[in-house]
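Remarks on the structure that follows.
The values are calculated or read from the model by the stated rules, or taken from the named source; none is laboratory data. Keep in mind that what you see is a predicted model, and the values were worked out from it rather than measured. Here Cβ is always computed from backbone atoms with ideal geometry, including for glycine, and neighbour counts include all displayed protein chains. Keep in mind that these areas ignore ligands, DNA and RNA; they rest on the heavy atoms of the full protein, side chains included. Shrake-Rupley method; radii C 1.70, N 1.55, O 1.52, S 1.80 Å.
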Amino acid sequence: MLNLPEGRFTQGLVAGTAIAFLFLWLSGSLALASVQGGFIPARVMGAAVPGALPVWLTPLSATFIHAGFLHLVLNMFMLVICGRFVESVIGGWESVLLYIVGAYAAAAAQWAIDPASTVPMVGASGAISATVGAYGVFFSRAQVKAIGPFSPFVVRVVWLAAGWIFLQSLFGLAFAGGQIAIAAHVGGFIAGLLLARPLLLWRYRKA
C-alpha cells in the first residue's frame, strides 16, 4: 500500500478554503465577496470598488473565494494530490510560503496581461500552480541532460515551464469564453519552479 505523506499544512489549507467557500455560499454573499475580495487588475491603477479589501491583500483573499462547487473541488483535488508531496520535501511553513508567493505571482501575471480588466479573479488555482510547479521539479521522472552552459536542472525547469504554458494555452483555446485566468496559472507555476530549490535548501540549512 502506498504510504502517503501526512501533509498537515496542506490539509489545513484545504479545510480553510472549503470552510470559507461554504460560509460565503450558505450566507448568499459569494457574488459580493468575489467583487470585494477577488483580485481586480484595474484596482492596481486606482479603480475604486466600494467596500473592497485593500488591493494588496486581494491576491491572497481571492484564494479563499471560488465561483462554485466544481471550481472548489477541482482546485482542492490538485492541492491535495501535489501539496502533500511537496510539503514532505520542503516542510510545512515553506509550503505555505510557496502557496502565498504563488498567489501573488499569479495576480501579477494576470495584471501584466490585462491591467485594465475589471473582472474579479477568484480561486486558488494560481497559488496551487506554484505547488504544481514545485512538484514537477521534485518528482518529474524525465531524464534531461545539460545543454551548453545550462545545467540539467535549468533544462528541466525550462521544459516544465514550456509544457505548462502549452497546456494552459490549450485550455485557453478550449474554454475561450470561460474566463479562465490562464496568465495567473502560468505566473504561479513559474514561481513554483523558481522557488522549489531555494525553499528546499532553506529547509535543510535551518535543520
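So for the pair residue 146, residue 203, with labels modelled 7 Å out along Cα→Cβ, what separation do we get in nm?
2.7 nm
Taking the mean number of other Cβ atoms within 10 Å as a proxy for protection, how do you rank 63-70, 12-19, 50-57 from highest to lowest? The partial results should precede the final answer.
Working: 63-70: 18.6, 12-19: 15.9, 50-57: 12.4.
Descending mean neighbour count gives 63-70, 12-19, 50-57.
What residues have an amide H closer than 5 Å to that of residue 121, excluding those fewer than 5 places away on the same chain, when H is modeled at 1.01 Å from N in the peptide plane?
The list, which skips near neighbours in sequence, is 39, 40.
If one takes the longest principal axis of the Cα atoms in the chain, at what angle in degrees, from 0 to 90 and to the nearest 10, does the Cα axis of helix 125-139 lie?
10 degrees
What base-10 log of the normalised intensity I(q)/I(0) is obtained for the chain from the Debye formula, alpha carbons as equal point scatterers, at q = 0.10, 0.17, 0.18 Å⁻¹?
-0.43, -1.17, -1.28
Starting at 0 and stepping by 10 Å, how many percent of the alpha carbon pairs of segment 55-150 end up in each bin?
Going from the shortest bin to the longest, the percentages are 15, 41, 30, 12, 2.
What does the helix-only formula give at 222 nm for the chain: each DSSP H stretch with n ≥ 4 adding -39500 (n - 2.57), the total divided by the residues, and the result rounded to the nearest 500 deg cm²/dmol? Before the final figure, lay out each step's value.
On the way: 9 runs with 142 residues, N = 207.
That calculation yields -22500 deg cm²/dmol at 222 nm.
Of 34, 140, 95, which is the most mobile in a GNM of the chain whose springs link Cα atoms less than 10 angstrom apart?
Sorting by GNM fluctuation, first place goes to 140.
Keeping all protein chains in place and using 1.4 angstrom, which order do 180, 147 fall into by accessible surface area, from largest down? Walk me through the numbers on the way to the answer.
Working: 180 70, 147 100 Å².
Highest to lowest solvent-accessible surface, that is 147, 180.
In percent, what relative contact order does the chain have, based on Cα pairs under 8 Å that are 6 or more apart in sequence?
26 percent.
To test your reading of the geometry: what angle, between 0 and 90 degrees and rounded to tens, separates the Cα axis of helix 182-206 from the longest principal axis of the chain?
It is inclined by approximately 50 degrees.
R0 = 22 Å: FRET efficiency of residue 56 with residue 35, Cβ-based, nearest 0.05? Let's see the in-between values first.
Details: r = 17 Å, r/R0 = 0.76.
The value I calculate is 0.85.
Roughly what angle does helix 69-90 make with the longest principal axis of the chain, taking Cα atoms, 0 to 90 degrees, to the nearest 10?
30 degrees
With the other protein chains left in place, how much accessible area per residue, in square angstrom, belongs to the chain at a 1.4 angstrom probe?
Details: 11320 Å² over 207 residues.
On a per-residue basis, the chain sits at 55 Å².
Work out Dmax and Rg for segment 1-114 from the C-alpha atoms and quote the Rg first, both in angstrom.
Over segment 1-114's Cα set, Rg and Dmax evaluate to 15.4, 54 Å.
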